[in-house]
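This report refers to the structure that appears directly beneath it.
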Amino acid sequence: MRIGIRLTITSLVLASILVSAIGVHILWWRTAEANSHALADTINRQIVATVEKELTTITSEARAAHTAIRTLFVQHVLDTREADKREFVFLSQLQSQQDISWVAFGWPDGNFFAAHKLGDLGLEMMEIAPVNGAIKRRVDQYGVVVGDIEFEKRRFEDTNYVVTDQEWYRSGMQADEPHWFNVTHHPVGLRPSIAYAGPVDVYEKRQGVLAIIIEYTRFAQFLSNLSVGKSGAAFILGRDGSVIAAPDPGADEVKMQRSDQALLPVAQGAMKQAGSSYDVDKKGASQIRLVAAGNAYSVSLTPLTFPGWTLATVIPEAEFLGPIERTIRQLLIGLAILILAAGVVSAWIARHVIATPLILVVDELKHVARFDLEQVRRHTSRVIEIENLSNAIADMAGGLAAFRKYIPSDLVKALVSEGIEPSPGGSIRNLTVLFADIAGFTGLSERLGDQIIPLLSSYLDTMSREVNSHGGTIDKFIGDAVMAFWGAPAANADHALDACRAALACQRALRSSGLTDDGGRPLTVRVGVNSGDMLVGNIGSELRLNYTVIGDAVNIASRLEGANKEYGTEIIIGEQTRRLAGDRIHVRELDRLMVYGRAGGIAIYELLGVAEDGATLPHWAVLYDGGLAAYRSRDFSDAASFFQQVLDARTSDQPARMMLERCRHYLVSPPGDDWEATNAMKAK
């Protein structure tokens, strides 16, 4: 009997698969159990060592803090009733010891004082005292800044917290040395904690009890940083299986730790299943295998040095099969190689002669689609049609690259990435627009003629770089004028702030560029920035489109750029931009301006800097604000005094000079009752 090659190969492949499957199955059974136990034991030992070290560190911090404060009291360096010194010492310990949540002191007369962390960003000082039969609490809240704290607010409130009723206080008053206590009730409510508390005796007289308290949330933070396999977790459980700490990076003295974690019931179930076979008071880990919701878990229960506490590490057994799965994959790869051996020649031809060249050509098309035209390359191929296609794509990229200089390529990329169709249309959005031009450019261009082109190109390059680097979209160049906007096509919640940053960056870049006019004077840029609702989209016809913005807010920005000439400033922003950027920028309000061609005035501001750059509002700007306020309230004499002070500090300040002249005019000829303190532009 004769058989074909196809049947022969199929038979060999099936036989190979059968033999390999049997071998993999035997290998799995031999290695799975040993591998899982070894891996779980290794992970558990590492976790236990880390947790024990952290627990020792935290409890040592508490003991050290207790000893340090108690020594100050006992040596009479500090009296327990000295509020200011006591607050300083308690706060110092709270700030220097990362894991301590409370430093508290209780007196026999029912008075209570504590320093309490509010997470890592706040602190509060708390004093509780019986007053006329009621229990009052004073709370001073502080915010944490770099290297210091700042007082924020104080509040007084009633409370039912009585320190003399607390177990840690009662036992501490009867003890000779400090001990550890479990604490649940705090002045702020139920916050499970441990407290290291003990008496303070001064000159053989018992003053009260000092307690260093650590909330369980600090342990929850630490557990969240542990890596227990790929998807396991570690928990600290009490003697009865109750949760002491579960991994939660967001838990702190303000936010309780989460108790809805998926593996927590597995850990508690393992402790219940272990029963009497696990003794929390004896050393040695217990290994429990537990199946929950169809998944098998390996749970290690290990007693911790802190009495009654157990560390439970939970790891899905699926993680232990990694080495076995790798072995199976290797065998399957070998089988695949054998199965594909007969087709290796045809596969090589298909890959190297057709597939690979086509992939390269497709990659070049992707470069064209993304407008990365400089990345396009020509590729040779044994197939004439593929090589011709590659050459055609390269020629197309070359033509587009030449054409790209006439359009904003970054805008095209953004439109493509946002999926905006190239058809007429748009939408109303809240955006920020910027206009900028060179001061005195008209006269400069007349004097230089065609020699203005290199200077203009360098100027536009500088402006373009800064606008692009700050997320702006360049709309168009009109001679020396630059129009750009922020917030489209890609949305940007901080479009006003980014436009202000760009304006300042353009100002700095032009100053440092060394560009000068024909008289050797540095070029000065005048910028107008405004925000508001405007129409943005593809404006034009079916034959030619321009992605641009139009609207009243755009016209105002253009007028603000021109207003710099009247006010002698370089950057003016509108009131909507000021409102959106908020305190993140430094400005001075210049005036209330009625721009040409528009009814009603708007507040205009000179942009001085960005708060994040370390800039501060200069004193002369504060004086100017005072003068402007007096001017608007018709106190022209007081306003003139303010503006004169600005000129004394800054002799070249044109806005102050202009406002001073107005004040002097109104002192001679007061305005009518309908005067609105608004300056009307006479021209664009």
Convex hull volume per residue for region 637-684, taking Cα atoms only, in Å³ = 90 Å³
Per residue convex hull volume, Cα atoms of region 559-684, in Å³ = 108 Å³
How much space per residue, in cubic angstrom, does the convex hull of the C-alpha atoms of region 594-641 take up?
-> 105 Å³
Around ILE438, what is the net charge, scoring Lys/Arg as +1 and Asp/Glu as -1 over all other residues with Cβ under 14 Å from its Cβ?
-> -3
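Mind ordering 309-315, 229-235 by average Cβ neighbours within 10 Å, highest first?
On the way: 309-315: 25.3, 229-235: 20.0.
Going by the mean number of other Cβ atoms within 10 Å, highest first, we get 309-315, 229-235.
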Taking LYS255 as the anchor, which lysines have their alpha carbon closer than 20 Å to its alpha carbon, excluding any fewer than eight residues away along the same chain?
-> LYS117
So what is the diffusion coefficient of region 426-613 in µm² per second by Stokes-Einstein at 4 °C and 1.567 mPa s, using a Kirkwood Rh over Cα pairs?
-> 77 µm²/s
Tell me, what is a quarter of the convex hull surface for the C-alpha atoms of region 46-331, in nm² with one decimal?
-> 18.6 nm²
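Among LYS53/LYS230; LYS53/LYS282; LYS230/LYS282; LYS53/LYS85, which pairs are too far apart, with a Cα-Cα distance over 26 Å? Each step should come with its number before you reach the end.
Values: LYS53/LYS230 22 Å; LYS53/LYS282 19 Å; LYS230/LYS282 30 Å; LYS53/LYS85 33 Å.
In this structure, LYS230/LYS282; LYS53/LYS85 exceed 26 Å between Cα atoms.
None of the figures in this text is laboratory data; all of them are computed from the coordinates on show. Quick caveat, the model's predicted, so the values are computed rather than measured. Cβ sites come from the backbone with ideal geometry, for glycine too, and all protein chains shown count toward neighbours.
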